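Here's the structure, in structure tokens; my notes come after.
The values are calculated or read from the model by the stated rules, or taken from the named source; none is laboratory data. Computed from a prediction, not measured in an experiment: that's the story for all the values here. Heads up, the Cβs are rebuilt from the backbone with ideal geometry, glycines too, and the neighbour counts pull from every protein chain shown. Quick note on the areas: whole protein, heavy atoms, side chains included, nothing else; ligands and nucleic acids left out. Shrake-Rupley method; radii C 1.70, N 1.55, O 1.52, S 1.80 Å.
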Amino acid sequence: MSQRLRVEDVCALPAHLVEVAPAQWQDANGHVNVRHFYDLHLRGAIASLQALGLDEEYRRSRGWSVFSVEQHIRFLGEIHVGDELSTHMRWLGRADKVVHAISLILNRTTAQVVSTLEVLEAHVDLSTRRTCAWAPELAERIDDLVGAHAGLTWSVPTSGAIRLKR
């Protein structure tokens, strides 16, 4: 990664999850095991999707949800027991049936971005297990966030492997 993410930039995005790393997360190396980074990313992403309206009611009433298609994780720093952490989502793009975003974990104690998880999520009809177009109101909310985040003055490192087909 050629550019270091600035804490103040990431803090401009909503924190979808804020918590302190508990003692049971520590591994034999004296820091938080990477599996907990992944769990933080996923729980933050779920909270972000729920904030958009893709929640249990959406799944129940429409029968639609999202499935992960591709993910790229980077570990940029450590987390130790007692560190305060937050997750933030930056929306990068949307196509007819997929969305591209990146989750960022901020270690608020050390003032570092410690991990990123770039994702491609597919909108899926749960009855057929096939991709389907976004509900119009959800597509509009995602597009609003993609537009707002495209206007940010800072860039976020991506893998370069995920491309949206329009």
Report task. Filter the stretch 127-160 down to residues that are touching a Leu at 6+ places or on another chain (Cβ under 8 Å) and part of a loop (DSSP other than H, G, I, E, B) and give me whichever is surrounded by the fewest Cβ atoms within 10 Å (Cβ to Cβ). Result -> Trp154
Requested in this report: Could you list, in sequence order, all residues of the stretch 12-27 that are of a type in the set (A, V, I, L, M, F, W, C) and either at pLDDT 95 or above or open to solvent by less than 60 Å² (accessible area, probe 1.4 Å) (or both)?
Outcome: Leu13, Ala15, Leu17, Val18, Val20, Ala21, Ala23, Trp25
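Could you tell me which of the residues Ser86, Ser61 is hydroxyl-bearing (Ser, Thr, Tyr) and within 15 Å of Val113 (Cβ to Cβ)?
Details: Ser61 fails: within 15 Å of Val113 (Cβ to Cβ).
One residue alone meets the criteria, Ser86.
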Query raised in the report: Residue check, Tyr38 against (1) touching a His at 6+ places or on another chain (Cβ under 8 Å); (2) closer than 23 Å to Arg163 by Cα; (3) part of a helix (DSSP H, G or I), all met but one. Which one?
Result: (1)
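From the list Arg90, Arg62, Arg94, pick out the single residue that is farther than 27 Å from Val34 by Cα and within 16 Å of the chain's Cα centre (by Cα). Break it down into steps so the answer makes sense when it comes.
Numbers: Arg90 fails: farther than 27 Å from Val34 by Cα; Arg62 fails: within 16 Å of the chain's Cα centre (by Cα).
Only one candidate passes the filter, namely Arg94.
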Query raised in the report: Just for the stretch 28-48: of the residues that are more than 18 Å from the chain's Cα centre (by Cα) and of a type in the set (Gly, Ala, Ser), which one is surrounded by the most Cβ atoms within 10 Å (Cβ to Cβ)?
Result: Gly30
Report summary line: Within the stretch 41-92, the residues that are touching a Ser or Thr at 6+ places or on another chain (Cβ under 6 Å), in a helix (DSSP H, G or I) and among the basic types (Lys, Arg) are Arg59
Report task. Could you give me the residue pairs with C-beta distances under 8 Å whose first residue belongs to the stretch 20-41 and is free of Cβ contacts under 8 Å to residues at least 40 places away in the same chain, whose second residue is open to solvent by less than 70 Å² (accessible area, probe 1.4 Å) and of a type in the set (D, E, K, R) wherever it lies, and which are 6+ apart or on separate chains? Result -> Asn33/Asp27
Query raised in the report: Quick one: what pairs do we get from the stretch 120-139, first residue of a type in the set (Gly, Ala, Ser), second part of a helix (DSSP H, G or I), C-beta under 9 Å, 6+ apart or different chains?
Result: Ala133/Ala139; Ala135/Tyr58; Ala135/Arg62
**Report entry** Those residues of the stretch 18-35 which are farther than 20 Å from His72 by Cα and assigned to a strand (DSSP E or B), in sequence order
**Finding:** Val18, Glu19, Val20, Gln26
